[in-house]
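Visitor: Take a look at the following structure, please.
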Amino acid sequence: MAEENATSTVCPIPQSEGWSALWKNEDWLAVWIGFFIIALVLVLNQFKVVDMSKVTPSFKWATDGQIASRAAGWSSALDGLIASAEKAGEQGTVNRLKGLKDALAKGDRKEIAAAAERVDRIGGVPGAVGKEIAGHAKAVPDKVFTSANMMKVFQIFILFGVVAVLGLYFFGANIGKFIIGFPIVFLLAWLSRFIAGNASPIDWGIEYVVFALVTGLVISNFFTLPEWFMEAVRTEYYIKSGLVILGAGLLFFEIVQAGFLGIIQAVLVIFVVWYFCFWLCRKLKVDDDFGAILSSAVSICGVSAAIASCGAIQGDKKKLSYVTSLVLIVAVPMMIVMPWAVKSFGIPDIVGGAWLGGTLDTSGSVVAAGALISEAAMKTGVIVKFSQNALMGFAAFALAIWWSFKKGAETGEKPSARVIWDRFPKFVLGFIVASAFFSFLLHIDTVSATKSALGEFRTWWFALAFVSIGLETRFTDIVKMEGGRPALAFIVAQAFNVVWTLILAYLLFGGILFAVPDIK
Amino acid sequence: MKKYLVYALVVAVAMTGSAVIAANFSDGAMKQIEELKTLSRDKKDIPESFAGVKKITGEELKSWIDQKKAFVLLDNRVPADFEKERIIGAKRLSPDDMLEKGIAAAEALGLKKTDIIVNYCNGVKCWRSSGAIVLLQDAGYKNLYWFRDGIPDWIKKGYPTAEGK
């Protein structure tokens, strides 16, 4: 992104790169990396080389104190279940629940775990409670550090390292620096997942992404990071690779169904929010270049839209980094507050997901915030986000035409189909192909056997990406330019975006204008 | 170098596409199995009944066991589930075993076509007991019974179970 062309202050015009784009472009690289990992998982599973249900390391842990402090709450929850089981005459259920209550009173973790597992097997609501208690009771901190568990993490580290290096070799990045920096980024990602694996964050619903972000932010804002290290801080590369793998987890009918509504929502969001933001920028005397990049970032999809629009209008690169930072920083409170709002105000998961997908500017933050709500919210958010991303090519095209009219013939680039293609986020193609492959060509058994492994790999890419976002973001960058007016415009426009998109999400995904899409 | 990597990728993708499933059951039965698996994957209930299959409740099964009636009790789940907890006296035979090894998997347990066979798994959203019935029926087994509510119902009622290998 910003460091590719450090000597020039003008955004490079995206050139038609021909076939070499297939390995020189970060988007395409992400596609190949995603495909390679998916293919590897499928081959190893098919020939039973690796049991794909066992590659996922465990991060869950609770201290004895945390178990003890929860015991009273669990016990009173069990009382309610015992009463209703007695009413229903389910003697077996009653006995097992009482057994668990006794174990909780004694406080021996092994006994609690065994009794809770016996309750888990009853199924239904008691089963869910038993499963939760068993999960916490079994998660002794030492379990995360067993050699078998650490080995799983190490294997993933090696796999990701090799794959990332291969990709960057084609990309032409500095491999040496990357190899030194990558283990540190990976270690930070591991640390974030370890913190997120504790019982308390799990109870509060705070996911690894938040810790990854904070870890990165703290480090980058308190220490000056060496230039060699930044070679391994590759937000978009990690996020897009993760998103291609996410495609394997989305079944096609879900995209088709929500994709139609998603596209309607995206068109309405982009048009209305773009013009509102641009109008606001002029009111606040922010220049038109800045206004165009800001408006695209707010209305479409953040960083990549900002880059594309900057390219389309040949904007100032400093303005681009300013907008990029704004996008990333504003996403932090939004991705924490919005899922909380969805849960607290009882907004349906799917409406909430569509809301997040339409407002959060980075694809990764949509995933993160969606994950704080539910799987369905995350998937809907991603679908809406992709619809919006899909329109980015058109938006950049329209922007480029408008700008070329405005600036006259001086830009020298005539808008063409090529421009749309060059602006199009290629990783979206990888996502669609992965999704189609898993929806139509693979057997259900293969899809379910590889689900957890692919989910695990996706999570690692996102953890790496969020550490990187934190590392790339500086609080001080924001305050300096144009007296904070662009930041003000961005925040106000974003607030407008949040309200407008929520209204649209309710109308489109809340079952008001159309049937609620079936996403799980 | 780059070329070979691309070739390797193509080969890898092609290999995964060529998944072969050993099937010596009829197309109709295989189709039914796919439908049951899909229901289970989507967390939907398995149909209430199947043509030619008799249903049995937990209470009836308990009285059969108490009366020492001559019948075979099949636990249709995966080994891990079976080892965790099962109905006392159950033998384990999952549809997965039969799809892999054919009906020989049933014959290895000494099942005869005329035996009275009761099948159960993890309840109404579990496809394995109905799946086993579909395959056994397809292979000519006649006296099939289905305990649809399965082990969760058995546990709720507080009937005896066995744990371990």
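The values are calculated or read from the model by the stated rules, or taken from the named source; none is laboratory data. Given the structure is predicted, the values throughout are model-derived calculations rather than measurements. Glycine also receives a Cβ, built like all others from the backbone with ideal geometry; neighbour counts cover every protein chain displayed.
Visitor: Within the range A:342-360, track down each residue that is hydrophobic (A, V, I, L, M, F, W, C), more than 11 Å from A:Thr380 (Cα to Cα) and surrounded by fewer than 24 Cβ atoms within 10 Å (Cβ to Cβ).
Guide: Kept after step one, since they are hydrophobic (A, V, I, L, M, F, W, C), are these residues of the range A:342-360: A:342, A:345, A:347, A:350-351, A:354-356, A:360.
Cutting the leftovers down to more than 11 Å from A:Thr380 (Cα to Cα) gives us A:342, A:345, A:347, A:360.
A:Phe345, A:Ile347, listed by residue number.
Visitor: Got at least one residue in the range B:145-153 being farther than 23 Å from B:Thr38 by Cβ and within 14 Å of chain A (Cβ to nearest Cβ)?
Guide: Yes, some residue in the range B:145-153 is farther than 23 Å from B:Thr38 by Cβ and within 14 Å of chain A (Cβ to nearest Cβ).
Visitor: Please pick out the residue among B:Arg128, B:Arg92, B:Arg77 that is more than 14 Å from chain A (Cβ to nearest Cβ) and modelled with pLDDT of 95 or more.
Guide: Answer to the check: B:Arg92.
Visitor: Which pairs have Cβ atoms under 6 Å, sit 6 or more apart or on different chains, and link a residue in the range A:335-354 that is more than 9 Å from A:Ile373 (Cβ to Cβ) to one that is not hydrophobic (A, V, I, L, M, F, W, C)?
Guide: From residues that are more than 9 Å from A:Ile373 (Cβ to Cβ), the pairs are A:Met335/A:Ser365; A:Ile350/A:Thr380; A:Val351/A:Tyr506; A:Val351/A:Gly510; A:Ala354/A:Thr380.
Visitor: Grab the helices (runs of 4 or more DSSP H) fully contained in the range B:98-165, keeping just those with 2 or more residues being of a type outside the set (S, T, N, Q) and without any contact (Cβ under 8 Å) to a residue 40 or more places away in the chain.
Guide: B:104-107, B:150-156
Visitor: Right, another one. For the subset of the range A:438-466 comprising residues that are more than 19 Å from A:Phe47 (Cβ to Cβ) and among the hydroxyl-bearing types (Ser, Thr, Tyr), which member is surrounded by the fewest Cβ atoms within 10 Å (Cβ to Cβ)?
Guide: A:Ser439
Visitor: Which residue is modelled with the lowest pLDDT, if the candidates are limited to the range A:255-294 and must be aromatic (Phe, Trp, Tyr) and outside the structural domain of A:Ala434 (by TED's automatic domain parsing)?
Guide: Per the stated criteria, the residue is A:Phe290.
Visitor: Then there is this: Please tell me if A:Ala134 is in contact (Cβ under 8 Å) with a residue 60 or more places away in the chain and either under 26 Å from A:Ile38 (Cα atoms) or hydrophobic (A, V, I, L, M, F, W, C) (or both).
Guide: When the stated conditions are applied, A:Ala134 does not pass them.
Conditions (1) out of contact with any helix residue (DSSP H, G or I) (no Cβ under 7 Å at 6 or more places or on another chain); (2) assigned to a helix (DSSP H, G or I); (3) at pLDDT below 95; (4) away from every other protein chain (no Cβ under 12 Å), marked per residue:
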| site | (1), (2), (3), (4) |
| --- | --- |
| A:Gly80 | yes, yes, yes, yes |
| A:Ala83 | yes, yes, yes, yes |
| A:Val94 | no, yes, no, no |
| A:Lys98 | no, yes, no, no |
| A:Ile112 | no, yes, no, yes |
| A:Val129 | no, yes, yes, yes |
| A:Ile133 | no, yes, yes, yes |
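Visitor: Has the range A:136-155 got at least one residue that is at pLDDT below 95 and more than 30 Å from A:Trp461 (Cβ to Cβ)?
Guide: Scanning the range A:136-155, I find at least one residue that is at pLDDT below 95 and more than 30 Å from A:Trp461 (Cβ to Cβ), so the answer is yes.
Visitor: All but one of (1) touching a strand residue (DSSP E or B) at 6+ places or on another chain (Cβ under 9 Å); (2) modelled with pLDDT under 85 hold for B:Trp64; state the number of the condition that does not hold.
Guide: It is condition (2) that B:Trp64 fails.
Visitor: Which condition number does A:Lys106 fail, the rest of (1) under 22 Å from A:Gly197 (Cβ atoms); (2) surrounded by fewer than 20 Cβ atoms within 10 Å (Cβ to Cβ) being met?
Guide: Looking at each condition in turn, A:Lys106 falls short on (1).
Visitor: Select, from A:Leu104, A:Leu42, the only residue that is touching a residue at least 24 places away in the same chain (Cβ under 8 Å), assigned to a helix (DSSP H, G or I), among the hydrophobic types (A, V, I, L, M, F, W, C) and more than 30 Å from A:Leu166 (Cβ to Cβ).
Guide: Answer to the selection: A:Leu104.
Visitor: Residue under question is A:Glu117, and the condition is that it be over 36 Å from the mean Cα position of the chain (by Cα) and either away from chain B (no Cβ under 14 Å) or assigned to a helix (DSSP H, G or I) (or both); does it hold? Walk me through it before giving the result.
Guide: Details: over 36 Å from the mean Cα position of the chain (by Cα): no; either away from chain B (no Cβ under 14 Å) or assigned to a helix (DSSP H, G or I) (or both): yes.
When the stated conditions are applied, A:Glu117 does not pass them.
Visitor: Related question: If A:Phe211 satisfies every condition in (1) surrounded by 15 or more Cβ atoms within 10 Å (Cβ to Cβ); (2) of a type in the set (A, V, I, L, M, F, W, C); (3) in a helix (DSSP H, G or I); (4) touching a residue at least 40 places away in the same chain (Cβ under 8 Å) but one, which is the exception?
Guide: The single condition A:Phe211 does not satisfy is (4).
Visitor: Something else now. What number of residues within the range A:162-177 are more than 23 Å from the chain's Cα centre (by Cα) and more than 17 Å from A:Asn25 (Cα to Cα)? Show your work before the answer.
Guide: Step one: list which residues in the range A:162-177 are more than 23 Å from the chain's Cα centre (by Cα), which gives A:166, A:169-177.
Okay, now just the ones that are also more than 17 Å from A:Asn25 (Cα to Cα), so A:176-177.
Residues that pass the stated criteria total 2.
Visitor: Checking A:Ile122 against (1) assigned to a helix (DSSP H, G or I); (2) within 14 Å of chain B (Cβ to nearest Cβ), only one condition comes out false. Which one?
Guide: Looking at each condition in turn, A:Ile122 falls short on (1).
Visitor: Filter the range B:40-67 for residues that are within 14 Å of B:Val118 (Cα to Cα) and among the basic types (Lys, Arg); which is nearest to the other protein chains (Cβ to nearest Cβ)?
Guide: The selected residue is B:Lys62.
This table checks each residue for (1) surrounded by fewer than 24 Cβ atoms within 10 Å (Cβ to Cβ); (2) within 23 Å of the chain's Cα centre (by Cα); (3) at pLDDT 70 or above; (4) part of a helix (DSSP H, G or I).
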| site | (1), (2), (3), (4) |
| --- | --- |
| A:Ala369 | no, yes, yes, yes |
| A:Ala377 | no, yes, yes, yes |
| A:Ile383 | no, yes, yes, yes |
| A:Ala409 | yes, no, no, yes |
| A:Lys414 | yes, no, no, no |
| A:Trp421 | yes, no, no, yes |
| A:Gly430 | no, yes, yes, yes |
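Visitor: Can we say B:Ser49 is modelled with pLDDT of 85 or more, out of contact with any Asp or Glu (no Cβ under 6 Å at 6 or more places or on another chain) and more than 19 Å from B:Met98 (Cα to Cα)?
Guide: yes
Visitor: So, one more: Working carefully through the options B:Lys84, B:Lys31, find the one that is loosely packed, with under 13 Cβ neighbours inside 10 Å and either modelled with pLDDT of 95 or more or among the charged types (D, E, K, R) (or both).
Guide: Selected residue: B:Lys31, the only one of B:Lys84, B:Lys31 that is loosely packed, with under 13 Cβ neighbours inside 10 Å and either modelled with pLDDT of 95 or more or among the charged types (D, E, K, R) (or both).
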